[in-house]
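The values are calculated or read from the model by the stated rules, or taken from the named source; none is laboratory data. The shown structure was predicted, so the numbers you read here are calculated from the model rather than taken from an experiment. Cβ placement follows ideal geometry from the backbone for every residue including glycine, while neighbour counts extend to all protein chains displayed. All accessible areas refer to the heavy atoms of the entire protein, side chains included, with ligands and DNA or RNA removed. Shrake-Rupley method; radii C 1.70, N 1.55, O 1.52, S 1.80 Å.
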Amino acid sequence: MSEAGDMGLVVVGAAGRMGQTLIRAIHTMPGARVAAAIERPDSSHLGKDAGELAGIGTINVPIVDDPLPAFAKADGVLDFTAPAASVEFAGYAAQARIVHVIGTTGCSAEDDAKIAAAARHATIVKSGNMSLGVNLLAVLVEQAAKALDPEDFDIEILEMHHRHKVDAPSGTALLLGEAAAKGRGIDLADNSVKVRDGHTGVRKAGSIGFATLRGGSVVGDHSVILAGTGERITLSHHAEDRAIFARGAVKAALWARGKKPGLYSMRDVLGLS
Ligand SMILES: NC(=O)C1=CN([C@@H]2O[C@H](COP(=O)(O)OP(=O)(O)OC[C@H]3O[C@@H](n4cnc5c(N)ncnc54)[C@H](OP(=O)(O)O)[C@@H]3O)[C@@H](O)[C@H]2O)C=CC1
Ligand SMILES: O=C(O)C1=N[C@H](C(=O)O)C[C@H](O)C1
């Protein structure tokens, strides 16, 4: 663990789209510094300077493949990788008793249970979306879902992302679905419809539907549609730059520093709980 001063952050998946954006965000935000940059053992990026790869020039942090010594010397980890990797990193963060900010989406219930177990010793902030805008949108969705009678208004969630995205529905769509379900006082798992194909029959009253679009370079578009008879309310967020997620992640790490171990959300970080 580093001494008091700038928070030393390990970026795992440092060569990825979010990894490079995180390196740039840490570089511009006061109170944090890049302590280490990690990629897989077979990555073609090993040995490269993380700052050079992210386009900000040399920062004297080479990309390496061994997380344990890096975690032992750091205050926190920023993790936008893949579910299996985030589960593994949560275990290491617990061993090191440090902050772990997880933006990775597509985690299974088993993955989430393992992450929750690691949060007995690590201070974990996990969210499907680290932006201020989406977390505020979730509050508005919860309010709208609470105010509108499920017999009169159907809730559908539409998302579009770039062609490289591997999970669906997006973490954000699920986060917004959870907000809608909370507003209605129902369990999302028992009331969601994630796929429609063929002769589906009429819409089940009270269900929350999801639709997924993939293509091009779209950073992240989400709409929650509350469809009534003769009128429709649409609550939307359009992400234009991954920097909004990276700044949110750094903010989460700084907020979590010194907090007791546990599993926190971006709504906790932003005071929107
Ligand atoms: N919560 C939020 O606000 C946001 C969440 N995300 C989520 O973040 C995740 C990453 O997205 P994105 O950056 O676009 O994806 P990328 O594929 O561009 O980046 C992921 C990086 O993590 C690396 N990685 C995977 N496993 C390991 C491992 N075991 N050890 C070290 N490195 C590893 C990958 O390496 P390799 O290529 O070799 O597999 C890759 O470099 C996704 O789940 C996405 O949905 C994205 C944006 C915002
Ligand atoms: O994979 C992405 O790119 C994104 N993933 C997150 C999600 O699954 O919602 C957040 C953001 O929309 C970008």
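Numerical summary
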| quantity | calculated |
| --- | --- |
| Within segment 57-116, trypsin sites (Lys or Arg not before Pro) in DSSP loop having at most 16 other beta-carbon neighbours inside 10 Å | Lys73, Arg97 |
| Heavy atoms of Asp167 accessible to a 1.4 Å probe, total area in Å² rounded to 10 | 30 |
| At 1.567 mPa s and 4 °C, Stokes D of segment 163-224 from Kirkwood alpha-carbon radius, µm² per second | 100 |
| With all protein chains modelled, accessible area of His164 [1.4 Å, Å²] | 100 |
| Debye intensity ratio in log₁₀ form over the Cα atoms of segment 72-200, taken at each q of 0.16 Å⁻¹ | -0.89 |
| Charge tally in the Cβ shell below 10 Å around His164, where Lys, Arg are +1 and Asp, Glu are -1, His164 excluded | +4 |
| Helix-only mean residue ellipticity at 222 nm for the chain, each DSSP H run of n ≥ 4 adding -39500 (n - 2.57), per residue, nearest 500 | -10500 deg cm²/dmol |
| Order of exposure, largest accessible area first, which applies to Val61, Val202 with probe 1.4 Å | Val202, Val61 |
| For Glu231, solvent-accessible area (1.4 Å; no DNA, RNA or ligand), Å² | 110 |
| Accessible surface ranking that places the most exposed of Val219, Val195, Val134, Val64 first, with a 1.4 angstrom probe | Val195, Val64, Val219, Val134 |
| Across Lys126/Lys259; Lys126/Lys260; Lys114/Lys165, pairs whose alpha-carbon gap is larger than 19 Å | Lys114/Lys165 |
| P(r) histogram, all alpha-carbon pairs of segment 132-239 included - 10 Å bins from 0, percent | 15, 49, 31, 6 |
| Selection of trypsin sites (Lys or Arg not before Pro), segment 115-210, meeting DSSP coil and at most 13 other Cβ within 10 Å | Arg120, Arg163, Arg196, Arg203, Lys204 |
| Carbon/sulfur fraction of accessible area - the chain, other protein chains in place, 1.4 Å, % | 52 |
| Overall Cα dimensions of segment 134-182, principal axis frame, Å, largest first | 37, 21, 13 |
| Two-decimal log10 I(q)/I(0) for the chain, as the Debye equation yields it once each C-alpha is a single scatterer, q = 0.08, 0.13, 0.14 Å⁻¹ | -0.34, -0.85, -0.96 |
| Convex hull volume per residue in cubic angstrom - Cα atoms of segment 209-273 | 146 |
| DSSP-defined antiparallel bridges as percent of all bridges, segment 1-108, nearest 5 | 5 |
| Alpha-carbon centroids, segment 199-273 and segment 48-67: separation in whole Å | 31 |
| Residue-normalised accessible area of the chain, expressed per residue, 1.4 Å probe, Å² | 48 |
| Estimated inter-spin distance, Glu240 and Ile56, nm [label 7 Å along Cα→Cβ] | 2.2 |
| Percent breakdown of C-alpha pair distances by 5 Å bin, ordered from the shortest bin, for segment 1-154 | 2, 10, 17, 19, 18, 14, 8, 5, 3, 3, 2, 0 |
